[in-house]
Every structure is written in structure tokens, then in C-alpha cells.
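Can you read through this structure? Questions will come right after.
The values are calculated or read from the model by the stated rules, or taken from the named source; none is laboratory data. The structure displayed is predicted, hence computed values, not measured ones. Quick reminder, even Gly has a Cβ in these numbers, built from the backbone with ideal geometry, and neighbours come from all protein chains shown. Only protein heavy atoms, including side chains, enter the accessible area calculation; ligands, DNA and RNA are left aside. Shrake-Rupley method; radii C 1.70, N 1.55, O 1.52, S 1.80 Å.
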Amino acid sequence: MNLRLSAFIVAVPVALLGAVGIWSEPANHWMAHGPIQSGHAEVSCRGCHVESPGTTRQQIQAKLAYVMGRREEPADFGRSEVTSDQCLDCHQRPNERHPIYRFREPRFIEALQQVEADSCLGCHTEHAAARVSSDTRICSACHSDLKLANDPVNVPHITLIKNEKWGTCLGCHDFHGNHSYEPPTHVRDLIPEPEIRAFFGQGPSPYGPFKMFEGKTQ
């Protein structure tokens, strides 16, 4: 018992010093689980990974209580899990075409079986070699019954849907609507699907470099 107690007394300070080193600013990007998206290169890790509530002692106690069944919810140690709140803190825009709160309405329950559009992290990834994790057919989850009275495209939307040309949707429409981009009126002028896929994988924006609202920097 004395040997175990001595080892514990030595291990705790070492672990705490290691934790301080890991969470220090110079070590942040070195400890990242994968590559940082190009648009986030200048953002501090603390901009997304916020500190968990409570002191270190309280966090340890909460962890132990959860393991022992005395607490219903798990507790975060050090930093809290990233949620849509951190994303929206920088990317909240008044012109958002697909705000995530809309997808939390009951009418979208079936659509959410196909795409997790009620969370930023359902479509977007970080520390990975991709900007968007969803497929280019994402629009099919909600717009399979779309009908337009005055269709502006030379090939009507209803025809494109009937032929399951879902890869053409993002060739016209910027999903979030934040790029200064004028949709074409002829199918021949659509952005090719390979360019959309390249954009999903952190390639250049096919909608142009100009945005109506830039994300905040931290």
C-alpha cells in the first residue's frame, strides 16, 4: 500500500504538469488530432475548445461520481466537447439559407435520418482532410418533392429531380448562401460536380472568393 501511495503522490503532479504543457498555446497545434482547415489556420484552439466548468478537482470528482453511478451525465475534463455553439459564435450570419435551428423542427425528422443538418458538425469536419463530410446529394433529403411555378432554369427542377440529378443542385446553389454568386439559368453553365467535391475536400471555392459576411477571428 505504501508503494502504491508513493507512486500516486508522484504521478499526480507529473500528470498535472503534463496537462499544463499540453494545453499551453505553443503545444496546441502540435497536439491537434489532424490538420487544421485553411480558414481556421489563424484561429486559436481555445476559440473552439472552451474550458470545462469547475476546477480540476471538481472535474475529477464529477468523473469519479459518473463512473461510480452517482452522476447521470458524464463530465468533461480540461476542455468541453465542441458543439455548434462554438461554430455559430464565429459564423452566425443574417443571410443563412439553411440555419440549423430549422432542422430541429418536427417536419425534418425523416430528413435527419439521411443528413445530420441539425448540427454544424453533422456536415462539417475539423482535423481531417475535408471541409465537408456530406455527399453532394445532400439536397435530396428535403427537396425530393420540389416544384416551382416559374422555373428559372432551362431544364426544370422537376425534370432534374425525376432523373435524380442531385449532383447538379450545388452547381447552382451555394448551400449557406454567403458567397456573392449569381446562379446560372442554363444547365450547361452549372459548376461541375468534381469542382464541388474538390471544394468539399478543402479545395478552392467554386462560388468565388467574395463573401457577404466573413467569419470572426479569435
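Inside segment 61-110, can you point out the residues that are in a helix (DSSP H, G or I) and among the aromatic types (F, W, Y)?
Selection gives Y66, F103, F108.
Now for a separate question. I need the full set of residues from segment 65-76 which are hydrophobic (A, V, I, L, M, F, W, C) and open to solvent by 100 Å² or more (accessible area, probe 1.4 Å), in order please.
V67, M68
Could you say whether any residue in segment 192-211 is in contact (Cβ under 8 Å) with a residue 40 or more places away in the chain and open to solvent by 90 Å² or more (accessible area, probe 1.4 Å)?
Yes, the conditions are met somewhere in segment 192-211.
Go through segment 41-60 and count every residue that is surrounded by 15 or more Cβ atoms within 10 Å (Cβ to Cβ) and part of a helix (DSSP H, G or I).
Within segment 41-60, residues that are surrounded by 15 or more Cβ atoms within 10 Å (Cβ to Cβ) and part of a helix (DSSP H, G or I) number 3.
If you check S144 against the conditions, is it among the hydroxyl-bearing types (S, T, Y), open to solvent by 30 Å² or more (accessible area, probe 1.4 Å) and under 24 Å from D85 (Cβ atoms)?
no
Looking only at segment 103-132, which residues are touching a Phe, Trp or Tyr at 6+ places or on another chain (Cβ under 8 Å) and under 29 Å from I36 (Cβ atoms)?
Within segment 103-132, L112, A117, D118, A130, R131, V132 meet the criteria.
Which one of the conditions (1) part of a loop (DSSP other than H, G, I, E, B); (2) among the hydroxyl-bearing types (S, T, Y); (3) without any contact (Cβ under 8 Å) to a residue 24 or more places away in the chain does T136 fail to meet, given that it meets all the rest?
Exception for T136: condition (3).
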